[in-house]
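Below is one structure, written out as structure tokens; comments come after it.
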Amino acid sequence: MAAPRRVARRAVLVAIPVTLAAAAVVDWLGRPWSALALTATAAVGMINGLWLEGLLEGMLQPGRPRMSRAVVWTIAARWVLWGLLFAVLYLLRERVELWAVAVGIVCFLVAIAVAGTNAADHESREG
């Protein structure tokens, strides 16, 4: 039996250079706060993706779902992390462009799509 494909971990490998390139362009355009917001948003997306993958890997096993306090705390921590990010972005709303936050989210979503497609292609070639 093959080891499970870790899409979020592969996505991080794609998301880091994509995010850094996008942030460099935004910084080059003279928007350093927006570049920071883009990077922070993508980083929170990456962290949440990794945590979610770990949660699902632990919970969705054959047999009875494993719901523990650690799972509940991790789920809560994911929401707290997003909440903190958006609270900081709200406080910096005068300095940060909304489109930069959207680009930060898109960077990680594109990375997940690429990693997921690569994993699916790899599995179809094996199977």
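Laboratory data are not the source of any read-out in this text; all were calculated from the coordinates shown. All values derive from a computational prediction rather than experimental measurement. Note that we place each Cβ from the backbone using ideal geometry, even for glycine, and neighbour counts take in every protein chain shown.
Annotations
- Loop sites here are trypsin sites (Lys or Arg not before Pro) outside DSSP states H, G, I, E and B with no more than 16 other Cβ atoms within 10 Å. The longest part of the chain free of them is 7-65.
- Residue with peak Gaussian network fluctuation, the chain [Cα springs, cutoff 10 Å], from Leu50, Leu98, Leu36: Leu98
- Here the Karplus relation 6.51 cos²θ - 1.76 cosθ + 1.60, evaluated at θ = phi - 60°, turns the backbone of the stretch 30-39 into coupling constants of x, 10, x, 5, 5, 5, 5, 5, 4, 5 Hz, with x for every Gly and Pro.
- Under 5 Å, built H, 5+ apart or other chain: amide partners of Glu97: Ser34
- What the Cα convex hull of the stretch 3-103 gives, in volume per residue, is 85 Å³.
- For the chain, built as a Gaussian network whose Cα springs stay under 10 Å, the top-fluctuating residue of Leu109, Leu38, Leu60: Leu60
- On Cα atoms only, tilt of 7-28 relative to the major axis of the chain in degrees: 10 degrees
- Phi-derived couplings, Karplus 6.51 cos²θ - 1.76 cosθ + 1.60 at θ = phi - 60°, listed residue by residue for the stretch 93-98: 4, 6, 9, 10, 7, 4 Hz, with x used for Gly and Pro.
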